[in-house]
Structures are given as structure tokens and as C-alpha cells.
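Asks: For reference, the structure I am asking about is given below.
The values are calculated or read from the model by the stated rules, or taken from the named source; none is laboratory data. It should be emphasised that the depicted structure is a prediction, and the values quoted were computed from it without experimental measurement. Note that each Cβ is placed from the backbone with ideal geometry, even for glycine, and that neighbours are counted across all protein chains shown.
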């Protein structure tokens, strides 16, 4: 499979999150981000948007063992959501950095999977495949 416009949008979203984190760490005054808690909330929204935008349609593809392993690791990285909530509750700058790093790892894993996955066969319906000559 090849990377799509959705992957580019997801990349831009994650990059904007990194930019916001750097700006806050450098002390740039932002009206909507006043500290680790508000930044964690913004990063959660950005991460959710990137996930929805760059998400894969696994039901339309036949999965290899590598795909299954990558999906399993992606599911394990779902703890990013919990980590974001913990950062919002505690305001820990250290956990905020860990949260952003985990979000970047999840994006990188998903993008690598999209880039390396084999192209699925075209189907006319969910049950029937078109035979190739």
C-alpha cells in the first residue's frame, strides 16, 4: 500500500502537536495553552484527529502475521489515551513528554504499516473478490 493524503494530514497534525510542545517548553505565550494540563488536552484532541484521519481500514485487507503484530503493538499503545488523562490530572511535565513521545511512536508505527502493507485486492462486495487475469 502507498501513503495517502490522509497519512500526510495525520503527519501534519502530529507535527503541529510537536510544535506546540516545543513552543510551550520555550515559554511562548499562547492564549489557549497555559500549562501541561491544557497542552495535554490539546494533544489528546490532535492525537484523536490524527488517528481518525490516518486510520486504516483493516476489514478490507487480508492480514499477514506482520500486520497482526503491528496491530497488536498499536493496540498496546492505546494506553496513550490513559497517559494523556493522567497528565491532565497531575500536570506533570515529565509525563507530558512521555505522552508526546508515545503519540509520536503510535503515529510512526501506523505510517510505517501503511507504507509497508501490501495492496489489497479490489472487491465488488465484502464477500466476493474479482479474479485477476
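Asks: Being within 14 Å of the chain's Cα centre (by Cα) and at pLDDT below 80 is true for just one of 79, 123. Which residue is that?
Replies: Numbers: 123 fails: within 14 Å of the chain's Cα centre (by Cα).
Testing whether each residue is within 14 Å of the chain's Cα centre (by Cα) and at pLDDT below 80 leaves just 79.
Asks: May I pose another question? Which of (1) surrounded by fewer than 18 Cβ atoms within 10 Å (Cβ to Cβ); (2) at pLDDT below 85; (3) in a helix (DSSP H, G or I) does residue 70 not meet, given it meets every other one?
Replies: (1)
Asks: Is there any pair linking a residue in the range 1-18 that is in contact (Cβ under 8 Å) with a residue 24 or more places away in the chain to one that is exposed (fewer than 13 other Cβ atoms within 10 Å of the Cβ) and part of a helix (DSSP H, G or I), with Cβ under 7 Å and at least six apart or on different chains, and which?
Replies: 3/115
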